[in-house]
Amino acid sequence: MTTTTARSKPARKLTKPDPVPAADTTGPDVESAVAAEDPETLRGLYRDMLFVRRFEERTAQSYQQAKIGGYCHLNLGEEATVVGLGAAMRPTDYLFTNYREHGYALAKGIEPGRVMAELYGRSTGTSKGWGGSMHMYDTATRLLGGYAIVGGQVPLAIGAALAIDYHDGDDVVVCQMGEGTTNIGAFHESLNIAALWRLPVVFLVINNQTGMGTTVEKSSAEPDLWKRAAAYRMRGERVDGTDMLAVRDLASELIEGARREGKPALLEAVSYRLKGHSVVDPAKYRSTETVATAREHDPIVLWQQRLLAAGVLTEASLVDLDREVADGVAAAVEFADSSPHPEPSSLFDYTYATPVPGDSRRLPADPLFTH
Ligand SMILES: Cc1ncc(C[n+]2csc(CCOP(=O)(O)OP(=O)(O)O)c2C)c(N)n1
Ligand SMILES: [Mg+2]
């Protein structure tokens, strides 16, 4: 007979890490950056942020009208990062994103109508209507997707960066992801290889402090995500994701470091998710304080106030901008809604890179046996 001696186990109680410090959005730095910036550039950046906001709000509305199906995640609250990044990238730089990518597709320069058409599942969409919200792809503007599997885009981005390096190119890959992705194994493998092989890639971690309903403190033993770069001797930075100029400038610096010196880097952008994880998530798990904090950090409100205070915008020019943006979004919806659905016979066209002889082309309603 064997006797078991009771082992004293340490209590499974994790010490709670400090919460992520709130990014400072009201400091004098933003004001002096605004004062130093060309007013026309500021108006353009604000217009682009507003466009993403209105586009996403309209997307939510179209979803409720059942014009859009499937999963659908919005960039509401993330507009300053989206636009700041877009301003930092060269048109020939490559971008990989997660499934929360409509804004990034717009920032990369894809026609809004084609983005909306993809959401509507129409053949004029970026992926001919077969991809939908999570799978936008456009070789012309070098948006290489749109990935639904958390972390799926990270090794692929490394492959693109390796290809650039192999061909002695000087383009850079930006790989966007959420903070939840930094705990996926492939994230660490990719950072390791990027650093070892000095690949031209910048990892952009959008720390919206929540992965579905789980807070960053509950999912990450080290919630200061920018510090993860140090494990790979890579430069890591944290930026206030609501500050489009700070995002643009820091992203530019890191992108140019990757381009000129083959130095991969990690940029953590702290932002605030204004709504639930996806359009169907009422986010009841969030406290009133969390919602209030997110609203306080609404980048559209912040930048509207700042640009009005700096005299870059006036109440009258805001009205004009609102109308211009509303017209642009309406035109995108009109284009999408009047575009044809893909032909059912094309359902299998993109299943394989090349046609596979003898593959099943049977559609769900087709009879199993024809004779
Ligand atoms: C491998 C994998 N596991 C789980 C999921 C389900 N899932 C979809 S989004 C998500 C949360 C990801 O959070 P984060 O990376 O912070 O991105 P965010 O949605 O906040 O932009 C999860 C767990 C998935 N799509 N893929
Ligand atoms: Mg997140």
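Every read-out reported here was derived from the displayed coordinates using simple, explicitly stated rules and does not represent laboratory data. Just so it is clear, the structure is predicted and the values come from calculations on it, not from any experiment. Note that we place each Cβ from the backbone using ideal geometry, even for glycine, and neighbour counts take in every protein chain shown.
Quick look at the values:
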item: Packing-based exposure ordering (other Cβ within 10 Å, fewest first) of HIS188, HIS167; result: HIS167, HIS188
item: Computed over the chain: relative contact order in percent, which uses C-alpha pairs under 8 Å that are six or more apart; result: 22
item: The chain - share of DSSP beta bridges that are antiparallel (%, nearest 5); result: 10
item: Beta bridges per DSSP with both ends in region 192-283, % antiparallel, nearest 5; result: 15
item: Dipole magnitude of region 217-276 about its Cα centre (Cβ charges: Lys, Arg +1; Asp, Glu -1), debye to nearest 20; result: 240
item: Eligible aspartates and glutamates near LYS218 by straight Cα distance, threshold 15 Å, same-chain separation 8 or greater; result: ASP18, GLU179
item: Summed residue charge, Cβ within 12 Å of PHE187's Cβ, Lys/Arg positive, Asp/Glu negative; result: -1
item: Prolate/oblate/rounded label for the chain (Cα gyration tensor, a/c 1.5); result: rounded
item: Helix runs (DSSP H) in the chain reaching 27 Å along axis by Cα, Kyte-Doolittle at least 0.0; result: 315-337
item: Length gained when the stretch ASP165-GLU289 is fully extended (0.36 nm per residue, less Cα-Cα span); result: 40.0 nm
item: Restraint check, LYS108/LYS128; LYS67/LYS128; LYS108/LYS263, Cα-Cα greater than 20 Å; result: LYS108/LYS263
